[in-house]
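Let me begin by handing over the structure; questions about it come next.
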Amino acid sequence: MNPDILVIGIAGGTGSGKTTLMKRLIEAFPDSVTVLSHDNYYKRHDELSYEERCKLNYDEPDSLETDLMARHLERLRRGETIQCPVYDFTIHNRSDETVTIVPGRVIIVEGILIFENEALRDLMDIRIFVDTDADIRLCRRIKRDVNKRGRTLESVLTQYQQTVKPMHDKYVEPSKRFAHIIVPEGGKNLVALDMVIGRIQRHLEAL
């Protein structure tokens, strides 16, 4: 491992505020942060039709190629560049494109299930769980999926009831015990945000 690189994991349920917290950290250290998102590691399913892909459970650990993500994070921690897969939520499948990711001095790993996998979480120096009320998370998910991912309200609610909530209760919520810090309301929690920014600042100053 490269001691010059600090890896911060940000987990929490759908719509919890992970992205807001991540954006605040990027804004504070725009030249130092690299982001690795678990969402880009959803498995490819070219063998299935769009209708069949719509019926898959995307909220269980097996829907993601987490072993590949762990290998990529290991390489980033060694200071190596990776080719990260790209997932297209509008077609429920991995894109043919990849994105070149160069490791910064701070790597943020984000996703709802990143603490569920032991190999992945062991690569993180700081693990943060964003804890937000379920009603607020559902409202945020509806807004995001309808406006940004081309989903209908009915499809979002059906998916939430059939897979999102059951999988949250089974996998995401229990993974909270692996967090070093639990942050209510994510990036809107200014006290917690200042603590994390201070920790990153000390890391950067020590280099």
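Within region 159-191, which residues have the backbone N less than 17 Å from the label spot 7 Å out from ARG199 along Cα→beta-carbon, could you tell me?
Once the point is set 7 Å along Cα→Cβ of ARG199, 176-191 turn out to lie under 17 Å by backbone N, inside region 159-191.
On to the next question. With each label point set 7 Å from Cα along the Cα-Cβ vector, what nm distance links ASP67 and GLU154?
Spacing of the two 7 Å Cα→Cβ label points: 4.0 nm.
Also, I was wondering about something else. Can you tell me what share of the DSSP beta bridges in the chain is antiparallel? A percent to the nearest 5 is fine.
About 25 percent, rounded to the nearest 5.
Considering the values (i) 1.00; (ii) 1.56; (iii) 1.09, which represents Cα Rg over 2.2 N^0.38 Å as calculated for the structure under consideration?
Among (i) 1.00; (ii) 1.56; (iii) 1.09, the one derived from this structure is (i).
Using DSSP to call loops (not H, G, I, E or B), can you name the GluC sites (Glu not before Pro) in region 62-102 whose Cβ has at most 14 other Cβ atoms within 10 angstrom?
Taking region 62-102 and a limit of 14 other Cβ atoms within 10 Å, the loop GluC sites (Glu not before Pro) found are GLU80.
Taking a cut-off of 16 Å between Cα atoms, list the lysines near LYS143, but don't count ones fewer than 8 places away on the same chain.
LYS18
Given Cα pairs under 8 Å that are at least 6 residues apart, what percent is the relative contact order of the chain?
35 percent
Would you kindly state how much longer the chain becomes between GLU118 and LYS176 on full extension, computed as 0.36 nm times their sequence separation minus their alpha carbon distance, in nm to one decimal?
The span from GLU118 to LYS176 would gain 19.6 nm if fully extended.
At 222 nm, what helix-only mean residue ellipticity would the chain give, in deg cm²/dmol to the nearest 500, using -39500 (n - 2.57) for each DSSP H run of four or more?
-10000 deg cm²/dmol
So, one more: Starting from the 7 Å offset along Cα-to-Cβ, what nm value, one decimal, do you get for the label separation of VAL102 and VAL146?
Taking the two extended label points, one gets 4.1 nm.
Give me the net charge for the shell around ARG202: Cβ to Cβ below 15 angstrom, other residues only, Lys and Arg +1, Asp and Glu -1.
It works out to a net charge of -2.
Going by amide H atoms built from the backbone, whose H comes under 5 Å of the H on ASN93, apart from near neighbours?
So ASN93 has HN proximity to ASP88.
The numbers here are math on the coordinates, done by the rules we state, and not lab data. None of these values were measured; they are calculated from a predicted model. Cβ: placed from backbone, ideal geometry, glycine included. Neighbour counts: every protein chain shown.
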